[in-house]
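Below is one structure, written out as structure tokens, with a few remarks after it.
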Amino acid sequence: MQTMMLAAQGMGYQSCPMIGFDIEAVAKLINLPDDHVMGPMVAIGKGTKEAWPKPGQLPLDEVVIENGFKTP
Ligand SMILES: Cc1cc2nc3c(=O)[nH]c(=O)nc-3n(C[C@H](O)[C@H](O)[C@H](O)COP(=O)(O)O)c2cc1C
């Protein structure tokens, strides 16, 4: 999905991944064969406005632990 989203962006499109949908209902809607599984859904299209400004990210030393596990 990430590759598809990056390719879409490279072709001038925008995308939005979603997993919050009724997987069983969508599988039925598209006649998903029994030997297939449903993954996330991604909408791809022409954006109508710029993405919202993002609030930034946590400092890396709060979210990255190297060579072991953080002790409480
Ligand atoms: C794998 C994946 C699944 C997602 N599923 C949902 C979803 O079901 N519903 C949702 O509101 N956002 C979902 N998101 C986040 C949206 O793609 C989007 O980033 C979010 O709605 C925030 O939008 P904004 O960046 O314009 O504020 C998902 C993101 C990823 C990476």
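Per residue, the chain exposes 96 Å² of accessible surface when a 1.4 Å probe is rolled over the protein heavy atoms with every protein chain present.
Between CYS16 and ILE44, the contour length at 0.36 nm per residue exceeds the alpha carbon distance by 9.4 nm.
The protection proxy used here, the mean number of other Cβ atoms lying within 10 Å of each residue, ranks peptides 25-38, 1-14 as follows, highest first: 1-14, 25-38. Under a 5 Å amide H cut-off, with hydrogens placed 1.01 Å from N, MET38 pairs with nothing among residues at least 5 apart or on other chains. Using the Karplus relation 6.51 cos²θ - 1.76 cosθ + 1.60 with θ = phi - 60°, the per-residue 3J(HN,Hα) values for the range 61-71 come to 5, 8, 10, 10, 10, 9, 6, x, 10, 6, 8 Hz, with x marking Gly and Pro. One Cα centroid belongs to the range 1-38, the other to the range 49-70; the line between them spans 26 Å. What part of the accessible area of the chain, given as a whole %, is carbon or sulfur when the probe is 1.4 angstrom? Whole-percent figure for carbon plus sulfur exposure: 61. Computed from the Cβ-Cβ distance with R0 of 30 Å, the FRET efficiency linking VAL37 to THR71 stands at 0.20. Computed over the chain, the per-residue total of -39500 (n - 2.57) for DSSP H runs of n ≥ 4 gives a 222 nm mean residue ellipticity of -6500 deg cm²/dmol, rounded to 500.
The values are calculated or read from the model by the stated rules, or taken from the named source; none is laboratory data. As the structure is a prediction and not an experimental result, all values here were calculated from the model. When we count neighbours, we look across all protein chains shown, and the Cβ atoms used for this are built from the backbone with ideal geometry, even at glycine. Remember, those area values only see protein heavy atoms, side chains included, never the ligands or the DNA or RNA. Shrake-Rupley method; radii C 1.70, N 1.55, O 1.52, S 1.80 Å.
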